[in-house]
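Bear in mind that the values in this text are calculations on the coordinates, not laboratory data. These numbers were taken from a predicted model, which means no experiment stands behind them. Here the Cβ is made from the backbone with ideal geometry for all residues, glycine too, and neighbour counts use every protein chain on show.
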Amino acid sequence: MKALLHHIFIEQAKRQGKKLAFIDCTTNRRISYERALMGALIVANRFKVYKDGYLGIMIPTSAGCALSIIGALMNGKIPVMINYSTGAKENVEYAKRKCNFETVITSRALLNKINCPHVKGMVYIEDIMDNIKKTEKIKALLLSRLPLGLIKKTVHSGDTDEECVILFTSGSERDPKAVQLTHRNILSNIEGFSKVIQLSEEDRILANLPYFHVFGLTVNLWTPIYHGMTIITYANPLDYRRICEIIKEEKPTMFVGTPSFLWGYLRRSEEGDFKSIRLAVCGADKCPDSLREGFLKKHGITLLEGYGTTETSPVISVNTPDANKPGSVGRLIPGVEVKIEDYETGEECPPNKVGRILVRGDSVMKGYLDDLEETSLRLRKGWYDTGDMGYLDEDGFLWHAGRLKRFVKIGGEMVSLVRVENVLEKYLPADVECCVVELPDPVKGARIVVAVTKPINEKEIIKKIAKELPNIALPKHFIVIEDLPKMGSGKIDFRKTTEMVQERLH
């Protein structure tokens, strides 16, 4: 594998020509592959004025964001994808300090929408696109008409082990880390899961996850480009009604989402809205049984759960139409190895025994930028320590038991907060979300508290869950937080939730 991501885009643009590359449902623009190639070449030329190295990009999911990423790579710049959903100004300043760069390509419309002030170094994509001269367009047109090999020679060439993006970890537990992913990382990941999930250029993908999140970047951008699909973009994954309309109107054949977003689509959709969908994948957080059952009952769609991390580009395992064990996160994709390590002894665990999930393969990151200590803690002898707990069963399916940080020691026993959540979700009303957190306890070391989005009958719920959970795992308090804090990906922000619970209890 010697290809670079932006070279693969050029190959598909030349091959697909007038086929639609992007249906941008935010701006109502339809852009063919040949026009997308011209656009990327113009952007690449415009980016020449910025310093080499890292280039910040903070634009919502759209054709404009995609072409900015591709244009940056064509010009030899490395995109640093910045989260605008949680403290955009602070995230821009943090990224600039961490990665030592000056320029951030962003959108004036975005800043107005999220009330983010101008930060020194911001350049607006609207200004770049509005001031394109006729000569630039002609030059890009002529370049795009050249034979494939010649076009590749006019853009950046390099090694597949070069960085192609910097993504930040969620920061739900501590300050975000800057993950260095290479062309090889992302390409090997796409090639691995494409062998088990049959994808083709006939597919149309709904792309509404943010590109600053690895799930969005790999699965909603580079995967469809790799296969020459049409990408249907929409910038706001929380606009549930509009997304249901887009699926009905534009007829994507596949979509991926986090449970939080998928619940929204299930509730706001009507029967028949999703009849074009042949493949729906749930990731980034555990998929509740009730969500799976809801999609199957209302739309006849089997939600396939997968598992991944930012550091593994992201996919580690996925259920497929041919091999699906609901509740598991599927079998490992080709090219990925997993070892389950005993938490206390460091020995490899036998099947069905819970331990640390370690991963090896070409999709494992280069490292954390400028953080040798954290890199060496997490990358050991070629294995990446995910910080997650789980087990492999006798059929090779991986079962996720939660973050190691979401296991707590109570009275000398290890208790999984995720397990408590799973049992709770069976008995809570369908419209109630929960998040289980741990607070210090002077006697037992820790106590379990549940944040719920609506008041519930606590005694009745505890009576029901007591049949499935040991006494030490039963919650001591329920706190109502109507809007649980979320990350940009839709995951619950455990750190903020814990802080809110602590405030309300004191």
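Tabulated data
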{"read-out": "Antiparallel bridge percentage (DSSP; both residues within segment 411-505; nearest 5)", "value": "70"}
{"read-out": "Pairwise label distance in nanometres, Arg29 with Arg278, each label 7 Å out on the Cα-Cβ vector", "value": "3.0"}
{"read-out": "Cα→Cβ-extended label distance, 7 Å offset, between Glu374 and Glu503, nm", "value": "2.5"}
{"read-out": "Largest to smallest principal axis extent of the C-alpha atoms in segment 118-265, angstrom", "value": "48, 40, 37"}
{"read-out": "5 angstrom amide H check on Ala446, placed H, neighbours 5+ away", "value": "Gly411, Asp441"}
{"read-out": "Total charge dipole magnitude, the chain, about the Cα centre, Cβ charges on Lys, Arg, Asp, Glu only, Debye to nearest 20", "value": "1420"}
{"read-out": "Cut-off under 5 Å, modelled amide H: who pairs with Thr86 long-range", "value": "none"}
{"read-out": "Mean ellipticity per residue at 222 nm, deg cm²/dmol - from DSSP H runs of n ≥ 4 across the chain, formula -39500 (n - 2.57)", "value": "-10000 deg cm²/dmol"}
{"read-out": "Relative packing of 383-389, 141-147, 66-72, which averages over residues the other C-beta atoms within 10 Å, highest first", "value": "66-72, 383-389, 141-147"}
{"read-out": "Reduced Cα scattering model of segment 411-505, Debye log10 I(q)/I(0), q = 0.20 Å⁻¹", "value": "-1.01"}
{"read-out": "Area projected by the alpha carbon convex hull of the chain, averaged over all directions, nm²", "value": "23.7"}
{"read-out": "All lysines inside 25 Å of Lys467 as judged from Cα atoms, apart from same-chain residues fewer than 8 positions distant", "value": "Lys286, Lys325, Lys353, Lys409, Lys426, Lys444, Lys454, Lys459, Lys476"}
{"read-out": "Neighbour-limited loop hits for trypsin sites (Lys or Arg not before Pro), segment 346-435 (at most 10 other Cβ within 10 Å; DSSP other than H, G, I, E, B)", "value": "Lys381"}
{"read-out": "Orphan Cys of the chain, criterion: no other Cys C-beta under 4.7 Å", "value": "Cys25, Cys65, Cys99, Cys116, Cys164, Cys244, Cys349, Cys434, Cys435"}
{"read-out": "Cα gyration tensor, segment 109-165 - rounded (a/c under 1.5), prolate or oblate", "value": "oblate"}
{"read-out": "Fraction of alpha-carbon pairs over 16 Å apart in segment 79-123 - percent", "value": "26"}
{"read-out": "Label-point separation, Lys476 to Asp385 (7 Å along Cα→Cβ), nm", "value": "2.9"}
{"read-out": "Long-range amide H partners of Asp388 with built H, under 5 Å", "value": "Ile357, Leu404"}
{"read-out": "³J(HN,Hα) computed for each position of segment 492-499 - Karplus, 6.51 cos²θ - 1.76 cosθ + 1.60, integer Hz, glycine/proline x", "value": "6, 8, 5, 5, 5, 4, 4, 4"}
{"read-out": "Computed lengthening from Glu202 to Lys51, 0.36 nm per intervening residue step minus Cα-Cα distance", "value": "50.4 nm"}
{"read-out": "Segment 261-270 - phi-based ³J(HN,Hα) in whole Hz, Karplus 6.51/-1.76/1.60, Gly and Pro as x", "value": "6, 5, 4, x, 5, 5, 6, 8, 8, 10"}
{"read-out": "Whole-Hz couplings from phi, Karplus 6.51/-1.76/1.60, listed for segment 106-120; x for Gly and Pro", "value": "9, 10, 4, 4, 5, 4, 5, 5, 9, 6, 9, x, 5, 10, 3"}
{"read-out": "DSSP-defined beta bridges in the chain - what % are antiparallel, rounded to 5", "value": "60"}
{"read-out": "Listed residue pairs exceeding 26 Å between alpha carbons, taken from Lys14/Lys366; Lys48/Lys120; Lys134/Lys248", "value": "Lys14/Lys366; Lys134/Lys248"}
